[in-house]
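What follows is a short report on a single structure.
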Amino acid sequence: GTSYRVRIVLGYLFEPCSDCGPPSRIGVQAELEDFEVFATSNPSLKFRISQPSFPSVPTVSSDNKCPGQAVRLSFAIACKFFSENSFTAQLSNAMGNFEVPVNLGSVKPGTLNNVMIPWGTPAGTGYKIRVVSSNPEVTSAASANFKVKACNNTREAAPEEVGLQVRVSPNPATGGRLKIALGGVEGQKLNVALFNGTGQSVRQQAIERAGEEEILDWDITRQPAGLYLLRVSSGKEAKTVKVLH
């Protein structure tokens, strides 16, 4: 409510009850038989008492998802919820109905939560997510619709890698040989360097004009065991790979 007020009532005990206890506790501990009021303050200004609630609609990522992928969820709360409260995200059916909601796990307000669409979720365009609390029991409004796709084998193939590609094998580099495969930078100049733990270059090689794929086979048997950094750079980008030897 929005119109609560408080006031102060002053009075004195006209006749205490027979079992009120010590005088210092009269009127605090025991029930009074007669209490005479002689002054009452004016009421305070109005103030509001609010219940814990969800003041806005939860937001979800709008990109289409496959079962097994995560949806980004954020939500806000008003007022402090009570102790031992927990928030749980729930998924509707494909029509946006929560008659039999699916729990997606515990979530937190004021942050970005990743909740996974369960495996086996049917494809549909009307899915929604809501948040429910446990103490007190409050249910948020439902989010905007999002789509769950029908993906082959319930997984989507990873997008084709573009740009500079660096693959190192074996890693850890057993036997003292390091094979480096470079791709995605055909026609570009490449600089390849291996650095030890102190930042010193222990091996490097330049490729003036890279082909569709470049394979380097380095002998690093003379280098001490430890962690190395392989850095490959072109005129447009660079990548660093950790190598164990």
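Given axes a ≥ b ≥ c from the Cα gyration tensor, I'd like to know whether region 59-154 is rounded (a/c under 1.5), prolate (a/b larger than b/c) or oblate. Mind showing how you got there, number by number?
Values: a/c = 2.17, a/b = 1.95, b/c = 1.11.
Prolate.
Would you mind calculating the gained length between Val241 and Gln205 on full extension (0.36 nm times residue separation, minus the Cα-Cα distance), in nm to one decimal? Kindly include the intermediate steps, with their values, before the conclusion.
On the way: separation 36, 0.36 × 36 = 12.96 nm, distance 1.57 nm.
Extra length from Val241 to Gln205 when fully extended: 11.4 nm.
Using a ≥ b ≥ c from the Cα gyration tensor of region 130-245 (square roots of the eigenvalues), is it rounded, prolate or oblate, where a/c under 1.5 gives rounded and otherwise the larger of a/b and b/c decides, a/b for prolate? Write out the running numbers ahead of the final one.
On the way: a/c = 3.06, a/b = 2.08, b/c = 1.47.
It is prolate, given that a/c is not under 1.5 and a/b is the larger ratio.
Between Thr59 and Arg231, 0.36 nm times their residue separation minus their Cα-Cα distance comes to what? Before the final figure, lay out each step's value.
Details: separation 172, 0.36 × 172 = 61.92 nm, distance 4.04 nm.
Going from the current span to full extension adds 57.9 nm.
Please list 65-78, 229-242 highest first by mean number of surrounding beta-carbon atoms within 10 Å per residue.
Numbers: 65-78: 17.9, 229-242: 14.9.
Top to bottom by mean Cβ count within 10 Å: 65-78, 229-242.
Using a cut-off of 15 Å between beta-carbons, work out the net charge of the residues near Pro109 (Lys and Arg +1, Asp and Glu -1, Pro109 not included). Write down the numbers at each step before the final one.
Working: positive: Arg72, Lys80, Lys108, Arg130; negative: none.
That works out to +4.
Would you order Val131, Val115, Val202 from fewest to most other beta-carbon atoms within 10 Å of each residue's own beta-carbon? Don't jump to the answer; show the numbers that get you there.
Values: Val131 25, Val115 20, Val202 16.
Going from least to most buried by this count: Val202, Val115, Val131.
Once you have a ≥ b ≥ c as the square roots of the Cα gyration tensor eigenvalues for region 57-104, tell me rounded if a/c is under 1.5, and otherwise prolate or oblate according to whether a/b is larger than b/c. Mind dumping the intermediate values first?
Values: a/c = 2.16, a/b = 1.63, b/c = 1.32.
The shape class here is prolate.
For the pair Ala141/Gln165, report the inter-label distance in nm, with labels modelled 7 Å from Cα in the Cβ direction.
With each label point 7 Å from Cα toward Cβ, the separation is 4.7 nm.
Bear in mind these aren't lab numbers, they're just calculated from the coordinates by the rules spelled out. None of the values given here were measured: they were computed from a predicted structure. Cβ coordinates were reconstructed from backbone atoms using ideal geometry, including for glycine residues, and neighbour counts include every protein chain displayed.
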